[in-house]
Structures are given as structure tokens and as C-alpha cells.
1. For labels at Val103 and Arg87 in the simple 7 Å Cα→Cβ model, what's the distance in nm?
2. At a 10 angstrom cut-off on C-beta neighbours, averaged per residue, how do the peptides 171-183, 15-27 rank from highest to lowest?
3. May I ask you to list the residues of the range 161-193 whose amide nitrogen lies under 13 Å from a point 7 Å from Cα along the Cα→beta-carbon direction of Lys130?
4. For Thr39 and Gln6, what does the FRET efficiency come to when R0 = 25 Å and r is the distance between their Cβ atoms, rounded to the nearest 0.05?
5. Which stretch or stretches of the range 23-37 have amide N atoms under 17 Å from the point lying 7 Å from Arg177's Cα along the Cα→Cβ direction?
6. Mind checking the full-extension length gain between Lys168 and Gln65? Use 0.36 nm per residue of separation minus the Cα-Cα distance, one decimal, nm.
7. Using modelled amide H (1.01 Å from N, peptide plane; none on Pro or chain starts), what sits under 5 Å from the amide H of Val159, excluding residues fewer than 5 places away?
8. What spacing in nm lies between the two simple spin-label points modelled at Gln189 and Ile94, each 7 Å away from Cα in the Cβ direction?
Amino acid sequence: MRIGPQDALIIVDVQNDFLPPSGALAVPGGDTILPAVNTLTNLPFGVRVATQDWHPADHCSFTAQNGPWPDHCVQGTEGAELSALLRTNGLAAIMRKGMMQPVDSYSAFTDNNGQNPTGLEGYLHTRSIKRVWVCGLAYDVCVADTAQDAARLGFTTYVVEDACASVKTPPAQVAERLQAHGVTIVRVQDMTP
Ligand SMILES: [Zn+2]
């Protein structure tokens with residue numbers, strides 16, 4: 001498929017805390033997807049956006065607050081920075097999420113309660129984007145929720161599966177869930193300038 005001005009690339013949470021070997025919430029194989037993600041940034045997308053999980057120190061998702069995850073991506077820390085190995089030159093915007101203490105935000109479009117939009121939907125519409133291509137970390141959490149929301153919001157939505165890594169759910173299972181929501185699963189080699 002040819003990538004052009006009506007296509008947006010969303011790079012989800014390629015941050016130090018999600019990357020082996022030393023990230024606080026390292027996604028298995030998370031570091032191995034970086035070449036694929038960087039290859040995608042070379043394609044002629046109309047817009048390239050990255051997201052950053054960006055939590056206050058007492059965020060509800062942390063185990064200390066009875067949440068499901070160890071402390072990760074605390075605002076202003078090294079762990080919350082985008083990986084130094086990610087090519088960021090072509091990024092038009094960086095969307096931060098998970099900033100409100102009482103609610104988590106897996107999707108780049110809204111919090112987990114669906115009540116606080118980030119503004120990404122309007123941003124993409126303003127830039128005349130019709131198709132959204134999602135990659136990054138973690139496939140079974142923030143990538144999946146971002147893709148599902150994009151499809152729900154009416155964008156033709158693709159996940160680039162070899163530019164994603166999962167925390168625990170096997171990729172085939174994530175793909176099945178996403179396909180049921182109208183998302184198409186592709187690989188980097190399927191995409192051309
Ligand atoms: Zn988080």
C-alpha cells in the first residue's frame with residue numbers, strides 16, 4: 001500500500017521505561033522493533049505523531065496505589081523520555097497521556113473512561129488524515145486501544161505488527177481482537193512510498 005498525505009503514523013510509547021534491558025516496565029522484545037519503527041518514519045506520511053505515557057508520581061496505575069503496573073514513565077524522568085534510538089526528526093507532534101492521577105489512558109485518543117479526549121482526533125481531521133497506521137508499545141495495551149479508538153472514530157486503521165511488541169498477550173490474539181473492530185493488520189514490507 002502506498003503511503004501519502006492522507007496517512008498518519010502514530011508511534012505509541014517508545015519510551016525508555018518500556019524498553020529492555022533496564023526499563024521499569026520493559027516489554028519483551030520491545031527494543032527489537034526500533035529498526036522497523038524507524039523505517040516507517042521514512043515513509044511519506046502526512047503526519048507523524050508520537051505518544052508518551054506521562055504519569056504523576058502517585059498515578060493510580062502504579063502498584064503502590066493498588067494499580068496493575070510497577071512505577072513507570074513518571075513525568076520528567078529519564079524513563080519517561082522517548083528512546084534515544086527513535087528517529088524523532090519527522091515528528092509533527094508528541095501527544096502525552098495518562099497525566100490525570102485518578103484515571104489511566106491507554107489510547108492516544110482518550111482516557112480509559114472515554115471522557116477526556118486528548119485532541120488527537122481533531123488534530124488528525126484538521127490535517128485531512130483519512131488513514132491511521134499504529135505501531136509501538138505495548139501491542140496488547142496502548143497500541144491496541146489506540147487502534148481500536150481510531151477505527152471507532154472513523155479512520156481507516158492499520159496496525160503494523162512487526163513494529164509492535166506485546167507485554168503478555170500473544171500477537172495473534174491481539175490481532176484477532178483488533179480485526180473484530182475493523183482494524184487491518186499489516187507488516188512494514190506491505191507499505192511503500
Ligand atoms: Zn502507564
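1. Computed distance between label sites Val103 and Arg87 equals 3.7 nm.
2. Packing proxy ranking, top to bottom: 15-27, 171-183.
3. none
4. About 0.80, to the nearest 0.05.
5. Residues 27-28 fall inside that zone.
6. On the way: separation 103, 0.36 × 103 = 37.08 nm, distance 2.18 nm.
Answer, rounded to one decimal: 34.9 nm.
7. Correct list: Val134, Thr184, Ile185, Val186.
8. It is 3.4 nm.
Throughout, read-outs are computed from the coordinates displayed, never taken from laboratory work. Here the structure is a predicted model, which is why all the values come from computation and not from measurement. All Cβ positions, even for glycine, are placed from backbone atoms using ideal geometry, and neighbour counts span all protein chains on display.
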